[in-house]
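Student: Here's a structure for you.
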Amino acid sequence: MKRAVNLTSAKTHALAATPRPLPMAQATAIPPTEWESLALDRASDEVRLGTWYCEPYCDTINDYPYDEFMYILEGTVELQYPGGSSQTFGPGSALILPKGFSGVWKQDEPMLKYFVMIK
């Protein structure tokens, strides 16, 4: 029987995942640890959704491979765009990081978010 997946306690859901080093585009001495718990787990990576918790980090993103909707519950991120402008998102922010995005993800504190990624 199929049942609804309760994501109300996002941090509990995220931290139930096995912690792993975050793959980084830029080499760092010690990559941050992330916890990604998929609520929808299919054989393909075409669609991913769930909860994500990650330690602070900063990395350059080149040609992001997904359209990603995210709703931030904890923490903040500054997205720095080519040309020098930036936007900051924090708790309660809902945003879409579009496929093909290039820029800098600067996260100075741990972040918890809901996410949906479509390739």
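Coordinate-derived values only; no laboratory data. Computed from a prediction, not measured in an experiment: that's the story for all the values here. All Cβ positions, glycine included, derive from the backbone under ideal geometry; neighbour counts span all protein chains shown.
Student: So what's the back-of-envelope 222 nm ellipticity for the chain, counting only DSSP H runs of four-plus at -39500 (n - 2.57) apiece and dividing by all residues, rounded to 500?
Tutor: Here the helix-only value at 222 nm equals -1000 deg cm²/dmol.
Student: log10 I(q)/I(0), Debye, Cα-only segment 67-109, no solvent, q = 0.16, 0.19, 0.30, 0.31 Å⁻¹?
Tutor: The Debye formula, applied to the Cα set alone, gives -0.40, -0.57, -1.19, -1.21.
Student: Across bins of 5 angstrom width beginning at 0, how are the C-alpha pair distances of segment 32-80 distributed, in whole percent?
Tutor: Computed distribution, short to long bins: 4, 14, 22, 31, 20, 8, 1.
Student: Now for a different question. What is the fewest-to-most order of Thr8, Thr88 by other Cβ atoms lying within 10 Å of their Cβ?
Tutor: Thr8, Thr88
Student: With each pseudo-label sitting 7 Å past Cα toward Cβ, what's the Asn62-Asp45 distance in nm, one decimal?
Tutor: 1.7
Student: Okay, next question. Can you tell me the length gained on complete extension of the stretch Lys119 to Thr18, counting 0.36 nm per residue apart and subtracting the Cα distance?
Tutor: Value of the extension gain: 34.0 nm.
Student: How many nm is it between the label spots at Ile96 and Leu7, if each spot is 7 Å from the Cα in line with the beta carbon?
Tutor: 1.6
Student: Can you check what the net charge comes to around Asp108, using other residues whose Cβ is under 14 Å from the Cβ of Asp108 (Lys, Arg +1; Asp, Glu -1)?
Tutor: Local charge sum for Asp108: -4.
Student: For segment 74-82, what does the Karplus curve 6.51 cos²θ - 1.76 cosθ + 1.60, with θ = phi - 60°, yield as ³J(HN,Hα) per residue in whole Hz, taken in order and with x for Gly and Pro?
Tutor: Once θ is set to phi - 60°, the couplings for segment 74-82 become 9, x, 9, 9, 9, 9, 9, 9, x Hz.
Student: Give, as a single signed number, the net charge of other residues whose beta carbon lies under 9 Å from the beta carbon of Leu73, with Lys and Arg counted +1 and Asp and Glu -1.
Tutor: Net of charged neighbours comes to +1.
Student: Once Rh is set to the Kirkwood radius over Cα pairs, what Stokes-Einstein translational diffusion coefficient, in µm²/s, holds for the chain at a temperature of 10 °C and a viscosity of 1.306 mPa s?
Tutor: My calculation gives 106 µm²/s for D.
Student: For the chain: lysine pairs with Cα atoms under 22 Å, gap of 8 or more or different chains, count?
Tutor: Going through the chain pair by pair, I get 4.
Student: So what's the gap between the Cα centers of segment 1-28 and segment 40-119, to the nearest angstrom?
Tutor: Going from one Cα centre to the other spans 14 Å.
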